[in-house]
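Each reported figure results from applying straightforward, stated rules to the coordinates on display, with no laboratory input. The structure displayed is predicted, hence computed values, not measured ones. All Cβ positions, glycine included, derive from the backbone under ideal geometry; neighbour counts span all protein chains shown.
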Amino acid sequence: MRVEFVDAQPVDTVRGDARILIRPLNHEGGTILRLRRYLPHLSLLRYRDLARDGSALGSERDALILPNDDPRLIECEVTLPPEAETREYRLEWELNPEDHPQIGVSGGEMLLFRAYLLDRSEDGAEEIREQQLIRIQWVPPEDPSTAFHRWRTSARTPEPLREALQALLKAEVQTPRTCELCHARKDLDLLLAQDRVWECSTAPELEEIRRVVVLRELTGFERAFAGTLRTRHEHEYLSEQLAAARERRQARLAAYAPPGTEHVHGD
């Protein structure tokens, strides 16, 4: 059994995920994945089977949880088809900050799940083969500009999100403006670029970049300057698009701004 997760998370993180890879000794049954849940709510548990070369054998499916009387105990029987080598479970979890004062606090640590791999015989006897812990530690956030650069350049960042961050950086470049509609066009392009980052960061493991983008905007950052003054020109009507984009921006700030900073850059 191999358990993959990122334990060091930025302050205020309350959602996350983990991956559990299991290679059972017996394809015909008797192998059980047991998850002992502590404070987090398990919001998703799905699986897919992998071939020997690591390729997926079909799409993800909802995991079938064996019945039991303990709401904090999750058990799944791991029975692989002949062509599969490994079963991959993907779980998503969420914490409620009201459940414990250390949730989301810098320096706080918490045990989320204890994962067991066990064999269960027909008479109910069990033998635990392996166990691993899924934990979280809240660490102070990076400087927003440093974190933005890390997400924008890291090979681990999904390609659509990396492209959206590059486009946002380009949209942030300041250019000379000869009229108010130039200003509106530039503002709309910037807000649409932020929208695109949000569209590409819906997965729990990508939520950090949302906080980074909001904090970076609220605390200020150095913007490049490029371009030349334009001669006489015309614009399309942008008022409705700009108003809608500004509403989406305000929703982002309300959702991800640190307490006390929500209205620093309000429109």
Query raised in the report: For the pair Arg129 and Thr219, how long in nm is the line joining their label points, each one 7 Å along Cα→Cβ?
Result: 4.6
**Report entry** Cα-derived Rg to Rh of segment 2-139, Kirkwood definition
**Finding:** 1.00
Query raised in the report: Between exposed GluC sites (Glu not before Pro) in the chain, where DSSP calls loop and at most 11 other Cβ atoms lie within 10 Å, what's the longest gap?
Result: 123-221
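Quote the charge dipole size of segment 2-139 about the Cα centre in Debye, to the nearest 20; the model charges only the Cβ of Lys and Arg (+1) and of Asp and Glu (-1). Before the final figure, lay out the partial values.
Details: 18 positive and 27 negative charges, 60 e Å.
Here segment 2-139 has a charge dipole of around 280 debye.
What is the dipole size for the chain, taken about its Cα centre, with +1 at each Lys and Arg Cβ and -1 at each Asp and Glu Cβ, in debye to the nearest 20? Can you show the working numbers first?
Details: 37 positive and 48 negative charges, 218 e Å.
Dipole about the Cα centre, nearest 20: 1040 debye.
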**Report entry** Listed values [x] 19.1, 60; [y] 23.7, 86; [z] 17.4, 47, entry calculated as Rg and Dmax of the Cα atoms in Å
**Finding:** [y]
Query raised in the report: Which distance in nm do the two modelled labels at Glu163 and His41 give, with both placed 7 Å along the Cα-to-Cβ direction?
Result: 3.5
Report summary line: CD proxy, 222 nm, the chain: helix-only mean residue ellipticity via -39,500 (n - 2.57) per DSSP H run with n ≥ 4, per residue, nearest 500, stands at -9000 deg cm²/dmol
